[in-house]
Every structure is written in structure tokens, then in C-alpha cells.
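Every number in this text was worked out from the coordinates using simple rules, so none of it is lab data. Worth saying up front: this structure is predicted, and the values here are computed from it rather than measured. Here Cβ is always computed from backbone atoms with ideal geometry, including for glycine, and neighbour counts include all displayed protein chains.
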């Protein structure tokens, strides 16, 4: 029996064990709320506590909804990325997922769906949400002809860079991997951190290996590894590790990067101490939230695609990315579904562009991109992608995603070779697919 089947079996047993506790907990919640229906909503924060712009906007959306629905109370829980991943695993294993919670779609969502932890909202998607959100973005939250949630954002991972530092040092945006390697020592010599990286959280570091594998092998290498005609230990994946070590040898990251968090990474960019970071469309908001000024570097921030790699089969238009969205827990009520629909209005999708740096998915909200050159570049990259790859740690089964992150972390720490990195990932894939 593979890991996925064991987990599903465990969930089934836990459902029976926790059903009475969950029902009792709901009753206590409703009593504490004066008989109102309580909907739990877990969302991602960008730091800053009560001053977090993400939290402030969501609290306003809640206030708008509760004003129209006085018999409903939305209980918002804001969590940083790592805390959310840990907390949701505990809730899922207990069989008590929140009513609405963050999801990147892909393999993690599919495993939750197969375990019976999510509410099927296929009718809502087909009859309502698909009228204002494209089936492409919605498809990331679908599986086997059914839908379990919706994105509010769909973008791309790329390089965010400080234009002022580039101008001061006298370097240009790198078009190739060789160009990137060439400018790193120049930036370091000028007294700046060439590249900020929060490798302690692991997922920011795995972006590097995945993109290099994409540039080396293209979609065909991934498809072959995924369907068994090839392997994640094939040459493109080994070469990805070799190229990453080639970069690492140049001392491109800040001191202590192996233990640094993503917030640390964002702070280096937001405070103007680092020249570049490889991150998704949400990066500007995190940079600002973790900067001393609270505003980041403003118009000095630019964006460019991951460079081409000589000898690789991948194309410059191949994009790794994903979105942010929400799924509904198995016991979510119709009111929870109604609130999700309320959240996915054009006006809120527009506001999220400024607050969270999203690439909007709701029809009409794209007007909010006007004047934002960076997000327009990202939207164009997504629109023109011949191969769009969801982050490995979300597309692949959870155990495999963790194996990718762990293997890349060991590679950067110097305790694993490129070949061993690829072999560890393949071994996890064989055991957990």
C-alpha cells in the first residue's frame, strides 16, 4: 500500500473518531456567537500582525459581508506560510478542516480531496464562478472533472531586482545563466547582497532547482519523469543541481541564508540591501511588510524572467508559477460557499492587486494592472507560456514535494551531490506517486 492510500485510510478512521468532538465544538462556537452561524477562514499573512495589509483588507471584506448577512460571523485566522502548512496538516489529520482555507491547488489539494476532506463545489464553479473566472485558472483547483475551490490570483515566479543597485553597479538584466553568474561577483564587490534567499523555509530554495530543471529539460523531461518513461534522476535534473552549485560557489546569498526565513529574504529586498530575489508575484507586498519603512523600494523594483540556460531544451517562455486561492472543508456550509463567491467579486480582486500584488483572475479586474509594469510583465509571461508548471511542492504529492525541498536544502548545505539530490527525489516519487 502506498503512502497516499495509507493516509486516506487513516483519515477515514479519524473521521469517525472526531465526528462527535467536531459537532460539539461547532455547537460551542455558535453559542459563543449568539446563535449566529460561524464560518472559519484561514488565510495567509505577509507579516505585521494587525497592521498587515492582507489582514486589513480581509477584515473589511468580512465587515461588508456580515453587514449583508447578520446571521453569519466569519472567524478569520491569519497565518504565515510555514505556520499555515503545519496547522492545516494537523486539522486535516484530525478530520476537522476549517470551512475555507488557503490552497495552491495541485497534488496537495488532490490528496485532501481523495481523503474526503474537501467539499465538492463543481455546480457552483460551472453555474457561477466560470462566468467570471477562466477555466484555465479554475482547472488548477479541479480534479477528475470536479472542482473544490477557486483561485483569486494566478502568476509566475521570476526575478525581482533593485533597479537602483543595478544602475549603481553598472550591470544589465541577465538574459542567460552565464550573464547571471557574471554579475553576481560585481554586485558583491559593490557591497550588496547579490541574491536574497530564505533557504531555512526550504520552498524558496526549491524554486531555483525546479527552474533550472525546466530550462535544461523542458516539459518533455518532466512529463517523462512523471509518467514513468523517464526519471527525476535523469540528466536534466542532475544538471539542475550542478548549475545551482555553480551559482552557490560564487557566494551569491546573504550570510546565514541556510537558516533564514522567507520574511528575512523579503526584508533584504525591501530595505535595499539585496539586488535580486527569485520569487512569485506576491513578493512586493512581502518586501514592503518586512521593510523598516513599511513601503519597500517602490519604483526601484523591477522584474525579469528566469534566464535561458545554454544547451538546455527548455524555452525562455516556459514558466513556473501558480496562484493563490481557497478551497472549502468537507463540512463547509452553503453560507461558506456564499462567502467565497462574495470574496471573488471584481472589486475585491482589484483591491488585492494593490494589497497583495496579485495577477487578477476575475473578469474586469485586469484593469487594475494599468500602470503596474511589473505585474503586466508577469501577466504576459503567464499568457505566453507554452509550458506552465505549478510549483513542484504543490503539484506533486505532499511527500514528494517535501522530498524535493529537503533534497535541495541538503544540496545547498553541501551535504549532498547533484546526482544524490535527483536520486532522492526519484526515490520519493517511486514510493509516493
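Data for the structure
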item	result
Degrees separating the helix 418-432 axis from the principal Cα axis of the chain, which is the longest one	20
Antiparallel DSSP beta bridges within the chain, percent to nearest 5	60
Neighbour-count order for 58, 215, fewest beta carbons within 10 angstrom listed first	58, 215
Helix-only mean residue ellipticity at 222 nm for the chain, each DSSP H run of n ≥ 4 adding -39500 (n - 2.57), per residue, nearest 500	-16000 deg cm²/dmol
Label point distance in nm, residue 135-residue 186, each placed 7 Å from Cα along Cα→Cβ	4.8
Answer label for P(r) over Cα pairs in 10 Å bins from 0, in percent (calculated), chosen among [x] 4, 16, 19, 19, 20, 15, 6, 1, 0; [y] 4, 15, 20, 16, 14, 13, 10, 6, 2, 0; [z] 4, 21, 32, 26, 13, 3, 0	[z]
Over the chain, relative contact order from alpha-carbon pairs under 8 Å, at least 6 apart, %	23
On Cα atoms only, tilt of 235-248 relative to the major axis of the chain in degrees	70
Virtual spin-label span in nm between residue 114 and residue 415, 7 Å along Cα→Cβ	3.0
Cα centroid of segment 306-346 to Cα centroid of segment 131-174, whole Å	8
Mean separation of Cα contacts under 8 Å (6+ apart) over length of segment 184-296, as relative contact order %	37
GNM result for the chain, Cα springs below 10 Å: residue of 293, 333, 150 fluctuating most strongly	293
Spin-label proximity, residue 310 to segment 171-193 - amide N less than 19 Å from point 7 Å beyond Cα toward beta carbon	172-186
Percentage relative contact order, segment 167-238, counting C-alpha pairs under 8 Å, at least six apart	16
Ranked packing of 386-393, 281-288, most packed first, by mean Cβ within 10 Å	281-288, 386-393
On Cα atoms only, tilt of 398-413 relative to the major axis of the chain in degrees	30
In nm, spacing of pseudo-spin labels at residue 36 and residue 384 (7 Å Cα→C-beta vector)	4.8
Computed FRET value (nearest 0.05) for residue 255 with residue 229, which takes r as the C-beta separation and R₀ as 56 Å	0.85
